[in-house]
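Working notes for the structure below.
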Amino acid sequence: MSLSQFSARYRRFRTVLKEISSETVFAWSLVIPATLITTAIIIYPILKAIYMSFFNVSFIDPTDMAWVGLENYRTILSDPTFRVALRNTIILTVSTVSLQYILGLGLAMLLKQPLPGMKWVRTGVLLAWVTPLVVLVILADWANHPQYGIINIALSSIGLPTNYWLGSKTWAFPMVIFLHIWTATPFFAVVFLSALQSIPKNLYEAVEMDGANILQAFRYITLPHLSYISMILVVMYTINWFNSFTIVFLGTGGGPVNSTEVLATYVYQEAFQTQALGYAASVGTVMLVLLLIFTIIYVVVEGRE
Amino acid sequence: MTTLAISGCLSDNGGGGADTTEEDTTTRTQEPTTETTGSTNGGTAGSPTNNETAGGDTSGAAGSIPTDTPGGQLTVWSGLSGGTFEPWVDWYVPAASEATGREVNYQTQAYPDLRQNFIVGGREGEPDLLDGVFGHLVEYLQGDLIQPITEQAEKLEHFDGYAESAIDSLSIGGELYALPYLGNGRGLVYRTDILEKYDIEPPETWQAYLEAARTITAEESGMYGTHYTTHPQTTRGFQEWISHLYQLEENFYVQEDGSWIVQPSADQFARVFEFYNQLFAGDNPAMNPAERGTTSDVHDNGYFRGDYAMLPNGPWIREGADIEGADDVVEDSAVTHLHHPSEGERGTYLEIKFVLPNSHSDAFNDAIIAAGVWTSPESLRTFKSEVNRQQVAMVRTDVEADYNERWQPFVEIFESGTALAPVNWGATQNEIRTQMQNVIYNESDPAQAGQALHDRVTDLTQDFE
């Protein structure tokens, strides 16, 4: 960068700073307290966890910390359970976010139709989203009960085999994915619905007059208008489900045989059951780095488009 | 990761020891609930003063324990949640308030939450007194959260009434750290009507048990022979597994020349895993393969629904049955010692619950007094009659269990129990559960699982101090 370019940028920076300072002092005064609190309850613990990841720390006595450098990270590389948890986490995140997106968009387009009773359908759709995850898992466990679960009663009534599906090596993980999709798809649908309703109708009329079919209208009108909100939803729920804990912990405990183990439950197990806080912190740091990489790449790519 | 074990006077043999309770599974969470009473600042019948028993303290809990500065609050954390315990709590809170001259703030939490919250925040001084299970005792000691109470406890008027085995189980290095209030051992609960129907004697050996269970599965429509808890996060599964291990070997960890070693061999671990493997073997398996990975809710309630004919279980099964038709099942039930391998002998896991004061509490002596009230004969008799938990009688020689003939064997079963060694069991439990999962889901055979477990727990002993 040349000196003149640097000077121009610096002058611009000062001009903008002066504008912000003079015109938005009140706004800043509202934002700063929340920022400070967020820093205290989010940033500080993150930094502390990263720091702890370089130590051997027991949950029983966290004040007793022994420096081990990168040893915890080396252990991660050779830890088979970590690999399983990482694989499951990626599969869970990719599959749930993808399916939620597709199903949510489809549901939104259905809800947009001016059919009678749609407002009640919208209310019913939201019920799954507002149900607390703990309640959802309890209901799922009940529904899966091998003796009196409603799923098994229905299956046996039509002659199909029954099982404790959350305890099945084959079906536990798909069941976990289903629960994730069940709880979040309504939110996608509602957000997409509001976005769809904001698209001017005359755009569709215009492309129809130009001879475009439904799919073309969807591709060239609907999707671009959903681009920004899609980015927010995808990033938000990728982070959310990458860190997913409640459904797995309460539903399957990470079993059977680690088939549903995800990184968040693995961190919990290492921290509070195996009592290896330092190692758990290193796994958490790896999660943070992976999510940061994803978020930066996605936002940059989306921004360019 | 560093795990510590306390070099103590205990091996696994005899006495008491405990792990998480049957009432609170690792998967239950609960917001703390609070009950307080207004007994304040020495106003009632005289505060306990030095070398004086508290006025109105019929339990003799204060004895001659020097008290702390009178007044203020005494926070008690308990895992005894639910309405069942309310009659006893209604007795305990005023009694403890009277004995200590403090307002008792009684809060309940699930044991896993209680443990975590205490480890994280106990150094701030709260709670003053907490309820615990044996696996937590060593963790609290390693975290410098508790200290010996021997000197003060021996001043309790009713101290001599504690069962020696219970006191021994809560002593480490010759020092007492907690006071016991409940003990139980796991036995075999079975349906007399079903066994009689198929002319089956109550099985004493593992092989007889499996054969009996398979017969029942084959012949009795809608019923499986047995059920074991195999959920990957449940402590009940660990307790059932180690109950059987103690039938093969006296201890899990023992001290030798100042170091901890693993006493059972890999083959002995494999034997237990083989038993679990056989539960699901055959055309008419002893246990429903579709119920792998289920929790203690399925276990306990399933018995009273008529889903199983035999179960490894404890006295809590009787007292917790509240589903329709349970009374009829109880009428047709009996108890005997847990089935054991033909080359082994009777044995079971021994559980003792206790209360212990927080060493960071500013009312340490009052907390001991409150612990004395909790574990006094009067308290345990109230517990027995109001809550109908006869297990409290196991830890005192001056309180009798009122089991009827059907459940009386639990007394003898308790006496055959083995406690956990005073080491940190967290990683060991995880490994046992992992290998159990591998076996029941056919990821590895019992021999491999036994060897893997032996290798891992042997490694863990390197970190024990």
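The values are calculated or read from the model by the stated rules, or taken from the named source; none is laboratory data. It should be emphasised that the depicted structure is a prediction, and the values quoted were computed from it without experimental measurement. Cβ sites come from the backbone with ideal geometry, for glycine too, and all protein chains shown count toward neighbours.
Note on segment B:244-257: among residues that are outside any loop (DSSP other than H, G, I, E, B) and either at pLDDT below 90 or within 15 Å of B:A421 (Cβ to Cβ) (or both), the one that is farthest from the chain's Cα centre (by Cα) is B:E256.
Scan segment A:37-59 for residues that are part of a helix (DSSP H, G or I) and of a type in the set (V, I, T) and jot them down. Even if it seems obvious, please write down each step before you answer.
We begin by selecting, within segment A:37-59, every residue part of a helix (DSSP H, G or I); these are A:37-52.
Passing the criteria: A:I37, A:T38, A:T39, A:I41, A:I42, A:I43, A:I46, A:I50.
Of all residues in segment A:60-73, those that are farther than 20 Å from B:D463 by Cα and either small (G, A, S) or assigned to a helix (DSSP H, G or I) (or both) total 1.
Among the conditions (1) within 11 Å of another protein chain (Cβ to nearest Cβ); (2) under 17 Å from A:F59 (Cβ atoms), the only one that A:G284 does not satisfy is (1).
Mind checking whether some residue in segment A:270-287 is surrounded by fewer than 24 Cβ atoms within 10 Å (Cβ to Cβ), more than 20 Å from A:L133 (Cα to Cα) and free of Cβ contacts under 8 Å to residues at least 40 places away in the same chain? Yes: segment A:270-287 contains one or more residues that are surrounded by fewer than 24 Cβ atoms within 10 Å (Cβ to Cβ), more than 20 Å from A:L133 (Cα to Cα) and free of Cβ contacts under 8 Å to residues at least 40 places away in the same chain.
Restricting attention to segment A:267-281 and to residues that are under 14 Å from B:Q429 (Cα atoms) and in contact with a strand residue (DSSP E or B) (Cβ under 6 Å, 6 or more places away or on another chain), the residue that is farthest from the other protein chains (Cβ to nearest Cβ) turns out to be A:E270.
Taking (1) over 22 Å from the mean Cα position of the chain (by Cα); (2) assigned to a loop (DSSP other than H, G, I, E, B) in turn, B:R271 satisfies each apart from (2). Where residues in segment A:127-147 are in a helix (DSSP H, G or I) and among the β-branched types (V, I, T), which of them is farthest from B:H299 (Cα to Cα)? Result: A:V130.
Within the group A:G253, A:G211, which residue is within 25 Å of A:A172 (Cβ to Cβ) and part of a loop (DSSP other than H, G, I, E, B)? Sole residue among the options that is within 25 Å of A:A172 (Cβ to Cβ) and part of a loop (DSSP other than H, G, I, E, B): A:G253.
Would you confirm whether any residue within segment B:381-388 is closer than 19 Å to B:A163 by Cα and out of contact with any helix residue (DSSP H, G or I) (no Cβ under 9 Å at 6 or more places or on another chain)?
Among the residues of segment B:381-388, not one is closer than 19 Å to B:A163 by Cα and out of contact with any helix residue (DSSP H, G or I) (no Cβ under 9 Å at 6 or more places or on another chain), which makes the answer no.
Only one of B:Y209, B:Y190 is crowded, with 22+ Cβ neighbours inside 10 Å and not in a helix (DSSP H, G or I); which?
Numbers: B:Y209 fails: not in a helix (DSSP H, G or I).
The match here is B:Y190.
Contact annotation: residue pairs with Cβ atoms under 7 Å, 6 or more positions apart or on different chains, pairing a residue in segment B:424-448 that is more than 9 Å from chain A (Cβ to nearest Cβ) and more than 16 Å from B:T295 (Cα to Cα) with a partner that is in a helix (DSSP H, G or I) and among the polar types (S, T, N, Q), are B:V439/B:N277; B:S444/B:N438; B:P446/B:N277.
Yes or no: A:M52 under 30 Å from A:H180 (Cβ atoms) and within 14 Å of chain B (Cβ to nearest Cβ)? When the stated conditions are applied, A:M52 passes them. Here B:D455 does not qualify as within 14 Å of chain A (Cβ to nearest Cβ), out of contact with any Gly (no Cβ under 9 Å at 6 or more places or on another chain), surrounded by fewer than 20 Cβ atoms within 10 Å (Cβ to Cβ) and part of a helix (DSSP H, G or I). Within segment A:4-36, the residues that satisfy the criterion of being of a type in the set (S, T, N, Q), over 30 Å from A:T285 (Cβ atoms) and in a helix (DSSP H, G or I) are A:S4, A:Q5, A:S7, A:T15, A:S21, A:S22, A:S29.
Residues that are touching a His at 6+ places or on another chain (Cβ under 9 Å), of a type outside the set (K, R) and within 14 Å of chain B (Cβ to nearest Cβ) do not occur anywhere in segment A:178-197.
When A:I221, A:I239 are checked against the criterion of being modelled with pLDDT under 90, more than 14 Å from every other protein chain (Cβ to nearest Cβ) and part of a helix (DSSP H, G or I), a single residue qualifies: A:I221.
Considering only residues of segment B:222-259 that are within 14 Å of another protein chain (Cβ to nearest Cβ) and hydrophobic (A, V, I, L, M, F, W, C), which is surrounded by the most Cβ atoms within 10 Å (Cβ to Cβ)?
Looking at the filtered set, the residue picked out is B:F238.
When A:Y204 is tested against (1) among the hydroxyl-bearing types (S, T, Y); (2) farther than 28 Å from A:F178 by Cα; (3) under 18 Å from the mean Cα position of the chain (by Cα), just one condition goes unmet, and that condition is (3). Go through (1) of a type in the set (S, T, N, Q); (2) closer than 30 Å to B:E249 by Cβ; (3) not in a helix (DSSP H, G or I) and name the single condition B:N404 misses. Condition not satisfied by B:N404: (2). Which count do you get for residues in segment B:145-158 that are surrounded by fewer than 18 Cβ atoms within 10 Å (Cβ to Cβ) and either within 14 Å of chain A (Cβ to nearest Cβ) or without any contact (Cβ under 8 Å) to a residue 24 or more places away in the chain (or both)? Number of matching residues: 2.
Does A:T238 count as free of Cβ contacts under 8 Å to residues at least 40 places away in the same chain and under 25 Å from the mean Cα position of the chain (by Cα)?
Against the criterion (free of Cβ contacts under 8 Å to residues at least 40 places away in the same chain and under 25 Å from the mean Cα position of the chain (by Cα)), A:T238 does not qualify.
When each of A:I37, A:I46, A:I42 is tested for being in contact (Cβ under 8 Å) with a residue 12 or more places away in the chain and either of a type outside the set (S, T, Y) or within 14 Å of another protein chain (Cβ to nearest Cβ) (or both), the lone residue that passes is A:I46.
Restricting attention to segment A:107-126, the residues being part of a helix (DSSP H, G or I) and either within 14 Å of another protein chain (Cβ to nearest Cβ) or of a type in the set (A, V, I, L, M) (or both) number 9. Taken over segment B:407-430, the criterion of being part of a loop (DSSP other than H, G, I, E, B), more than 15 Å from B:A166 (Cα to Cα) and in contact with a helix residue (DSSP H, G or I) (Cβ under 7 Å, 6 or more places away or on another chain) is satisfied by B:W407, B:N424, B:W425.
Annotation note: of B:V373, B:V330, the sole residue that is farther than 30 Å from B:E103 by Cα and among the aliphatic types (A, V, I, L, M) is B:V330.
Being surrounded by 19 or more Cβ atoms within 10 Å (Cβ to Cβ), farther than 30 Å from B:S444 by Cβ, out of contact with any Cys (no Cβ under 9 Å at 6 or more places or on another chain) and of a type in the set (S, T, N, Q) is a condition met by at least one residue of segment A:90-109.
From the list A:L291, A:L250, the lone residue that is more than 12 Å from every other protein chain (Cβ to nearest Cβ), surrounded by 15 or more Cβ atoms within 10 Å (Cβ to Cβ) and among the hydrophobic types (A, V, I, L, M, F, W, C) is A:L291.
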